[in-house]
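Remarks on the structure that follows.
Please treat every number below as a calculation from the coordinates, not as lab data. Not measured: the values here are computed from a predicted model. Positions of Cβ are generated from backbone atoms using ideal geometry, with glycine treated the same way; all protein chains shown enter the neighbour counts.
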Amino acid sequence: MISDLVIIGGGAAGFMGAITAMSNGLRSVVILEGTSKVLEKVRISGGGRCNITNSCWEISNLVNNYPRGEKQLIGLFNRFSTTEAFDWFQRKGLNLKVEKDGRVFPSSDSSEDVIKCLTDLAKKYGVKVFTNSHVKQISITKEGFNLLAKGSNFFVAKNLLICTGGHPSGRRLAKSLGHSIIPPVPSLFSFSTSEDSLKSCSGITLDVQTKLIVNKKKYSGAGSILITHKGFSGPVILRLSAFSARYLHDNKYNGELKINWLCMNESEARSKLNLYKTKNGKKLVFNSKPFNNLPRSLWKSLLFSLKLESKLKWADITKLQIEALIKCLIMKSYLINNRGPYGEEFVTAGGISLKEINFKTMESKICKGLYFAGELLDIDGITGGFNFQHCWTTGWVAGKSIALNQ
Ligand SMILES: Cc1cc2nc3c(=O)[nH]c(=O)nc-3n(C[C@H](O)[C@H](O)[C@H](O)COP(=O)(O)OP(=O)(O)OC[C@H]3O[C@@H](n4cnc5c(N)ncnc54)[C@H](O)[C@@H]3O)c2cc1C
C-alpha cells in the first residue's frame, strides 16, 4: 500500500514532521527507524534532561547561534521558532522550565517525558512506526518512491522526508537521489593544548574573553571557560569550535588561543597591579591574590609560565616583569594542537547543501516529493537547545508543507 508520507529516521525532526503532517490532514504517515529504539538522541541529550530549546525569543538574536544555516533559518523561524516550539510542547501537555542561562528543559528534568510526549502524539494521530528498518535503497517511481529496508522489506511512498541526523547512510541516500553533500566535520568539541602550566588548574571555570587564530583567520568570544586536564572546554570554547569547525578541521586542529583571564584592558590591569604592588611590597608574589575572580592555582600557574622566582616579593618585581605579567593575564597565548573530547552535546557540521532546498517547504529543488529536515542538513547550532530547535522547526515546516500540498 502506498503511504502519503514515509519518513526515514525516528529522531526529533522525524517525529515533529510526522505529527505535524498527520495533524494537518495527511492520511497515512510511516516512520522507518533503523535501530531498535526511536528518539535515542533525545533520551541521552542534555545529560538525560533534554535541553529542548532556548528562551532566545528574538529571531534576529536566535539566528546568531547557528554557524551554518543562519540566513535560511530567518524565514523558517518566522513560521516556527523558539516561542512556537515552547508553546507547542506546553499545549501537548509537556511542562517546561527556563533556566537562568536561557536553556529550556522539561520541568521534570527527564528526557523520557519528551519521548513520551512525542510517541503518545504519534500514536494518537495514527503514525505507523517501524523500528529495525534501516533504509538501504530508494528509487524514484511515477507515483513517488520505492524504499528497500533491512530484511528485504519494501515501502512505497508518495512523499519522502529524510531525517537521518548525522548518520552517513542518510547522506548516501540523498546523494543517490541527486543531492550534493557538504563534507561532514565535527562541531562542539573542546581544545587540546600541550601547555603544561595549566595541569594543576583542571576543573576551574571562570568568565574570560578569548580569541582563536587559525591560519590568520580570527574568531572571538566571551563567556565561561573550563580548564580540563588536556586543555579547554566550556560554553565559550564550544562556541568557538562551532564557528571555526570547518577551518580548524582543514588546519588539522592547529591554532592559537589567546585568553584574557581578567576581562580587563591593559591599562586597567596595569593600574590594579601597580596599586597592589604599592600596598603589598613585603608579600610574596606567588602567595598573593591581586584579582578576586582569578583562582589562586591559576594565578600561580601563570607566574610559573613566566618563570618568576617563588620567593619574589612585590617590592622587588621589576617594571619589565610587571609588563610581562600584564601580557600574560590579558592575552596569554596557548597553542591548540588537537580536538579534545566532546562536551555534553555534539553535532555534525555539513550535510545536504542548502542551495538545493526550497526553504518555504523544505522540499528538494532536485527531486519532487522529497523533503529533508534536521541535522542531516548543513545546519547546526551551538549548545543551549539550538540544535533541537532547528530540528523542530524544519520538521514542522516539512510536515505542514507536505500535508498542505496533498
Ligand atoms: C550526547 C548528545 C547530547 C545532545 N544534547 C542536546 C541538547 O541537550 N540540546 C540540543 O538542542 N541538542 C542536543 N544534541 C544534538 C541533538 O541531539 C541533535 O541535533 C538532534 O538529535 C538531531 O535530530 P535529528 O532528528 O535530525 O537526527 P537524530 O536524532 O540523529 O535521528 C536520526 C534517526 O535516523 C535514524 N537513521 C539513520 N539512518 C537511517 C536509515 N538509513 N534508515 C532508517 N533510520 C535511519 C537514526 O537511527 C536516528 O534514530 C545532543 C547530541 C548528542 C550526541
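Inverting the pair-averaged 1/r between distinct Cα atoms of the range 131-274 gives 19.0 Å as its Kirkwood hydrodynamic radius. For the set Lys277/Lys327; Lys92/Lys158; Lys217/Lys307, the pairs lying more than 26 angstrom apart at their alpha carbons are Lys92/Lys158; Lys217/Lys307. Could you give the distance between the Cα centres of the range 191-261 and the range 46-103, to the whole Å? Centre-to-centre (Cα) distance: 26 Å. Counting neighbouring beta carbons within 10 Å and listing from fewest to most, the residues Val104, Val29 come out as Val104, Val29.
Each Lys and Arg contributes +1 and each Asp and Glu -1, all at the Cβ; summed about the Cα centre of the range 190-346, the dipole is approximately 500 debye.
Since only Pro67, Leu39, Ser23 are under comparison, the one whose Cα sits farthest along the positive direction of the charge dipole of the range 1-92, derived from C-beta charges on Lys, Arg, Asp and Glu, is Leu39.
Simple point charges give the picture: +1 on the Cβ of Lys and Arg, -1 on the Cβ of Asp and Glu, and for the chain a dipole about the Cα centre of about 920 debye. Projecting label points 7 angstrom from Cα along Cα→Cβ for Ile140 and Lys360 puts them 2.1 nm apart. Computed about its Cα centre, the charge dipole of the range 187-241 is approximately 300 debye, with only Lys, Arg, Asp and Glu carrying charge at their Cβ.
Cα-Cα over 24 Å: which of Lys216/Lys300; Lys289/Lys311; Lys128/Lys400? Where the Cα-Cα span goes over 24 Å, the pairs concerned are Lys216/Lys300.
Which angle from 0 to 90°, rounded to the nearest 10, does the C-alpha axis of helix 70-79 make with the longest principal axis of the chain? Result, in degrees: 50. Packing order of peptides 11-23, 185-197, highest average first: 11-23, 185-197 (average count of other Cβ atoms within 10 Å over each peptide's residues).
Computed over the alpha-carbon pairs of the range 190-346, the distance histogram in 10 Å steps reads 11, 41, 30, 14, 4, 0 percent, short to long.
Note on the chain: Cα-only Rg and Dmax are 25.4, 88 Å. The calculated FRET efficiency for Asp196 paired with Lys100, based on their beta-carbon distance and R0 = 30 Å, is about 0.30.
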